[in-house]
Structure formats: C-alpha cells, structure tokens
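The next block holds one structure in the form of structure tokens; read it before the comments.
The values are calculated or read from the model by the stated rules, or taken from the named source; none is laboratory data. Computed from a predicted model, the values in this text were never measured in an experiment. Quick reminder, even Gly has a Cβ in these numbers, built from the backbone with ideal geometry, and neighbours come from all protein chains shown. The accessibility values were calculated without ligands, DNA or RNA, using every heavy atom of the protein model including side chains. Shrake-Rupley method; radii C 1.70, N 1.55, O 1.52, S 1.80 Å.
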Amino acid sequence: MLQPIEPVKDTALPPSHPRDLAGPWHSEAACRSDEAGLFFAPSKEPTAARLSREENAKRVCARCPVMLECREHALRQPEPYGVWGGLTAAERRVVLARRRRREAELPRTDRIAAAG
Ligand code: SF4
C-alpha cells in the first residue's frame, strides 16, 4: 500500500545560514534569535516585499557582532542567496566584481610602477 506523501515544508532558511551553523563566529550571530524568514526570499516574492524584508534583515546585520566575518565568508564561498553580512546577493556580486577588477588591474599597476 502506498504511503501518503508528506508535504515539503517551506523552510525559510537553507541549512547553511549562520543561524544554523556551528563555527568560530556563528554562535554570536544576531540572526540566531531573529525571524527565520527575514534573510531569504520566499518564492515569487513581490519586489516591494523583498526590498522591505532585505532592509529588515540588514537592520539585524547592522547590530551583529560578527558582521564582517559573516560578510567575508559569504563573499569567499560565495553564497549565492540571501542577506549575509548586511549585503544582499546582488550587492555581494557587485563587491566581488570590484575585487576581481582590482585584482586584474594589479599586475598592470605593478608594471607601471616598475617602468617609472
Ligand atoms: S551579519 Fe547578518 S546574516 Fe551574518 S551572522 Fe550577523 S545577523 Fe546573521
């Protein structure tokens, strides 16, 4: 006899968010005690709701004692979704693009300095 299929629970956070991890800085994460759905978008979230949710998540990040550790972790992974370290996924992509551009320009800068 077939068993009924359990509905998939809509977990608001993927298991890798700081609030769910045990690591050197994760235990101090301010998001551990905050609303679970704040940091990741539910499916088909309207733009206005997303902007409001992200601002609220960023407010939690702004008072987080491990914001810089979290941000760097999210940039290095890189974490593709959600608010981490006070930055949205789109903002992290901008930071990463700037870093890549800076790194690409370094050798040229070195050449110019050597020639001067
Ligand atoms: S910076 Fe934000 S996402 Fe990162 S641990 Fe702190 S509250 Fe959580």
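Tabulated values for the structure
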item: Charge tally in the Cβ shell below 14 Å around Val83, where Lys, Arg are +1 and Asp, Glu are -1, Val83 excluded; result: +2
item: Within the accessible area of the stretch 28-116 (1.4 Å probe), percent carbon and sulfur; result: 54
item: Prolate/oblate/rounded call for the stretch 53-116, Cα gyration tensor, a/c under 1.5 rounded; result: prolate
